[in-house]
1. Trypsin sites (Lys or Arg not before Pro) within the stretch 491-521: which are DSSP loop residues with at most 14 other Cβ atoms inside 10 Å?
2. How high is the relative contact order of the chain, in percent, counting Cα pairs under 8 Å that sit 6 or more residues apart?
3. Note down the nm distance, to one decimal, between modelled labels 7 Å out along Cα→Cβ at SER467 and at LYS420.
4. Between the stretch 282-303 and the stretch 446-498, what is the C-alpha centre distance in whole Å?
5. So which lysines can LYS497 reach, going by Cα to Cα under 26 Å and dropping same-chain residues fewer than 8 places off?
6. So for each of 336-342, 36-42 I average, over its residues, the number of other beta carbons within 10 Å; can you give me the resulting order with the highest mean first?
7. For a protection proxy built on the mean count of beta-carbon atoms within 10 angstrom, sort 161-174, 602-615 highest first, please.
8. When Kirkwood radius over Cα pairs in Å is calculated directly from the model, which label among (1) 29.6; (2) 26.3; (3) 33.0 fits?
Amino acid sequence: MRLEEKIKHIPAKPGVYIYRDINGDVIYVGKAVSLKNRVRSYFQKSKNQSPKTRSLVERITDMEYIVTDSEVEALILECNLIKEHRPRYNVLLKDDKTYPYIKVTLGEDYPRVLTTRRLVKDGSRYFGPYTQVGAMNETIKLIKKLFPFRTCTNRQFGNRSRPCLNYHISRCQGPCTKNVNKEQYRQAIDEIILFLEGRQDDLVKRLERRMHQAAENMEFEKAAELRDQVQALRKVTERQKIVSAGLEDQDVIAMARGQNEVCVMVFFVRGGKLIGREHHLLKNTDGLSREEAMSGFLKQYYAQVEFVPKNVLLSEDIAEEAELMGGWLSQKRGSKVTVKTPKRGEKARMVEMAAKNALLVLQQMELEGQDDKGKLDQAVAELASHLGLTKPPFRMECYDISNIQGAEQVASMVVFEEGKPNNNQYRRFKIRTVEGPNDFAAMQEVIQRRFSRGLKEKELLRTGQISTKETKFNHLPDLVIIDGGKGQLNVAREVMKRLGVDDIPTFGLAKEEELLFHEDSSDPIVLPRKSQSLYLVQRLRDEAHRFAVTYHRNLRTKRNLKSLLDEIEGIGPTRKKSLLEEFKSIEGIQKAELHELENVPGMNQKVAQAVYEFFKTNEK
């Protein structure tokens, strides 16, 4: 059905609408109380539409929708779809996928406290996300000082015959050797959760009760330990600023808007005390009002946090969305959540304080960004001038070959855009057609594979046979650097001329002297010492070398592991794979005990004994 027909037949019910572009990629996800009215409003000519909305409508070639029973359900679905597709026209949290969490593994008999970047529905409690990794690590360090809990892996835990060092220095209660029962151990975990929730006052009261009880039972050593815990916790709480006389749990959220970015500051108020803060950066906010930007942030932020407080205070009035957001968060919390924008009094002052902090962070980042961008712009412009290019190169690619005596030959392609690494565009190659140490032939193969694949993808995109999601090489560079000097430059240019991409400026970089060579000149180009252009080329070359060497090392490690295991009787491809999956490396297999080897899937006692004896003999 054509887009016009779909729009005519869309129902007047709550739900989510999804817009796609010519490549089939999701470019926008939205929710509506009436899908019919909301979707049609996009395609009615209006002078009031923002440039961003007009740009979106121009790119829409297909649309689909999902009907829900309520607007709250539509909101939840919208949050999930934005997180999955990350559409280019939705407000997005920058790098939100990389934020770490603190995880308490409540699904285990003796839970642990870990850091993770993945949320898994396994019964665990998650705290975060933490935008500042240093703050999270400090929290973990403090928890380890205050509460005894196990830090060993489940495999280590199940195979211990005596407690580890942590037990002897009172950092663990020794559950691995049954020195504590589950109920007692779980008590410490419950206290850790209280601490992570910011309920330090409740935790202090709980520990004081246990301290007095221990003293009455004449367990003076235990009472002294609890006293030390209480004192340490009081020192923590003394440093926290009391911001609410009502002793409430609140998130205070305010935003500041810069030239190209929005910074949102979140203050965590627990029990009336400010226990922490985090800032988040938003992109795709051009043309949006402050209220729309705030609403977009709330959807993504609360879709990924575990704990929702009773009150959420905002710097922007999100109008009718406030009630809807409150309904969704109430479902998530399991009790009523109020979302409001205070206008006066103590709560308004808290919001103002968060807004000031957001502005300070944004100003600092803009100053740093301007300084960095100025240096990068200078470096790219300088390089273009020294190389005689007509304009500064936006995309630069550098290639490097790595091998040891021809074994496991690999190559790397690293990409810098606007003078900065774009890791998502990095590519690595395992050399297929070259035997022995022949860097020239290896470079020819890599250049052939890279540009022939790129040209093919561009043609398939043009004819609509593939989408941009399926491409890896369709973006061609404005500048190519070949790490290896004039010889490797010449073989690379031969391939580029054959493929018809020789209009791309290409230079060879001598490994030692850092001289740049062009095919039409016998004299090298010498970049000025201590110039930004030289530093840029060095960073590009070093990154290509690092990426190639890392890939080569990984392949070599796997090869060595396989060749060693081939010497052991009874070890075939299936058992090799099982051992590698279980112990990750040859060092892991060397350190494994006999009973650990026996427990690997596919192993038996005889073969495990052979592996164990092989490595123990080689150690001697």
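1. LYS511
2. 8 percent
3. For the pair SER467/LYS420, the computed spacing is 2.7 nm.
4. 38 Å
5. Within reach: LYS391, LYS430, LYS456, LYS458, LYS472, LYS486, LYS511.
6. Descending mean neighbour count gives 336-342, 36-42.
7. 602-615, 161-174
8. Entry (1).
Just so you know, all these numbers are worked out from the coordinates, no wet-lab data involved. Computed from a predicted structure; not experimentally measured. Positions of Cβ are backbone-derived with ideal geometry, glycine not excepted, and every protein chain shown enters the neighbour counts.
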